[in-house]
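The values are calculated or read from the model by the stated rules, or taken from the named source; none is laboratory data. Keep in mind that this is a model prediction, so the values were computed, not measured. Note: ideal-geometry Cβ built from the backbone for every residue, glycine included; neighbour counts use all protein chains shown. Surface areas here come from the heavy atoms of the whole protein model, side chains and all, with no ligands, DNA or RNA. Shrake-Rupley method; radii C 1.70, N 1.55, O 1.52, S 1.80 Å.
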Amino acid sequence: MKLIFAIVISTLIGLGVAWAGGQGGVMMGSVSLFFACGVLAFVVNWVAYVPANIFKTEKYYDITGTLTYLSVTAYAVVMADTLDLRAQIVAVLVAVWAVRLGSFLFARIVKDGHDRRFDKIKTNPIRFFMTWTLQGLWVVLTAACALAIITSTKRVPLDVFAYTGLAIWGLGFAFEAIADHQKKVFKNNPENKGKFISTGLWAWSRHPNYFGEIALWTGIAVMAAPVLSGWQWVSLVSPVFVTVLLTKVSGLPMLEARADKEWGDDADYQAYRQNTPVLVPRPPRS
């Protein structure tokens, strides 16, 4: 019963944000385009859940997240009345990010064969369904600012907010992509088996990819600021949600605990942990 309640609440939160973000935006009859995008985000994941549950597999979970972002963004672009340059740029940014991260995560699970986060979850149909619902919620909340820009009827020429936000997004995307690549290369080297990475961007931060993720969605939020009004300001939940999710829920706490368990007695790791920021990068100490 608790899981069912959580599923209902998660859906209502996502659709609530979509309703708020759609105020002052393109309408499709009695509902906003933003709200329709919110519904689509959940439907894509619920449909994907069916075969995933039948075969008890999580292999297509992350790639479904990518397809959800692409589907929702494409639907918003196609159904919007007109798109200004800000909206076009944001749509491209979301697509580039989704394809890059989605292909990276899919390649990783194909190589590993499974995602251990789902070992116990996928055997419980209701609990497994909850994870797909949460992915729909993740898409709606994370992409909220981008969808607000694309579906808004208020069009603003490129300004300091657009250029500043684009620069922040670029910094974040670079950090995330480079950090992921560096860690992939490190793990693919047999000599590094059982070791932790502390080179490249990982010498600047213990989680540079998460810093990049937070920064790029913050950049899109900055780009959205001149477009927002009234209830649309709710869409600024995007960078807040990403930050809380990665620093308090499923990101840093889990990875830090896992690292402490694996290398807690390693003097080199203790020195790395003491001298390297957990999230916000800084040049390594000499």
- Item | Single match in 142, 164, 153 (criterion: of a type in the set (Val, Ile, Thr) and within 17 Å of the chain's Cα centre (by Cα)) | 142
- Task: Considering only the stretch 77-94, state which residues are part of a helix (DSSP H, G or I) and either of a type in the set (A, V, I, L, M, F, W, C) or under 18 Å from the mean Cα position of the chain (by Cα) (or both).
- Result: 77, 78, 79, 85, 87, 89, 90, 91, 92, 93, 94
- Message: Condition first: at pLDDT 95 or above, closer than 30 Å to residue 159 by Cα and open to solvent by 50 Å² or more (accessible area, probe 1.4 Å). Can you find one or more residues in the stretch 95-109 that meet it?
- Response: yes
- Query: Counting just the residues of the stretch 217-257 that are within 23 Å of residue 174 (Cα to Cα) and in contact with a Cys (Cβ under 7 Å, 6 or more places away or on another chain), which one comes out surrounded by the fewest Cβ atoms within 10 Å (Cβ to Cβ)?
  - Reply: 236
- Given the conditions (1) modelled with pLDDT under 95; (2) surrounded by fewer than 17 Cβ atoms within 10 Å (Cβ to Cβ); (3) in a helix (DSSP H, G or I), every one holds for residue 50 apart from (1)
- Task: Would you mind stating whether residue 137 is assigned to a helix (DSSP H, G or I), within 25 Å of residue 165 (Cα to Cα) and modelled with pLDDT of 95 or more?
- Result: yes
- Query: Given the structure, is residue 196 closer than 30 Å to residue 275 by Cα and either surrounded by fewer than 24 Cβ atoms within 10 Å (Cβ to Cβ) or among the charged types (D, E, K, R) (or both)?
  - Reply: yes
- Go through the stretch 7-34 and give me each residue that's within 19 Å of the chain's Cα centre (by Cα) and hydrophobic (A, V, I, L, M, F, W, C). 13, 15, 17, 18, 34
- Test: residue in the stretch 19-32 that is part of a helix (DSSP H, G or I), within 30 Å of residue 109 (Cα to Cα) and open to solvent by 30 Å² or more (accessible area, probe 1.4 Å): no
- Message: Take the residues in the stretch 140-170 that are outside any helix (DSSP H, G or I) and open to solvent by 10 Å² or more (accessible area, probe 1.4 Å); name whichever of them is nearest to residue 19 (Cα to Cα).
- Response: 153
- Sole residue being part of a helix (DSSP H, G or I), closer than 22 Å to residue 283 by Cα and either free of Cβ contacts under 8 Å to residues at least 24 places away in the same chain or not charged (D, E, K, R) (or both), chosen from 179, 224: 179
- Message: Out of everything in the stretch 258-269 that is of a type outside the set (A, V, I, L, M, F, W, C) and open to solvent by less than 80 Å² (accessible area, probe 1.4 Å), what residue ends up being nearest to residue 244 (Cα to Cα)?
- Response: 260
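Residue-by-condition table, conditions (1) within 27 Å of residue 94 (Cβ to Cβ); (2) of a type in the set (A, V, I, L, M, F, W, C):
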position: 178; (1), (2): yes, yes
position: 192; (1), (2): no, no
position: 214; (1), (2): yes, yes
position: 263; (1), (2): no, yes
position: 268; (1), (2): no, no
- Within the stretch 53-66, the count of residues that are without any contact (Cβ under 8 Å) to a residue 24 or more places away in the chain and assigned to a helix (DSSP H, G or I) comes to 1
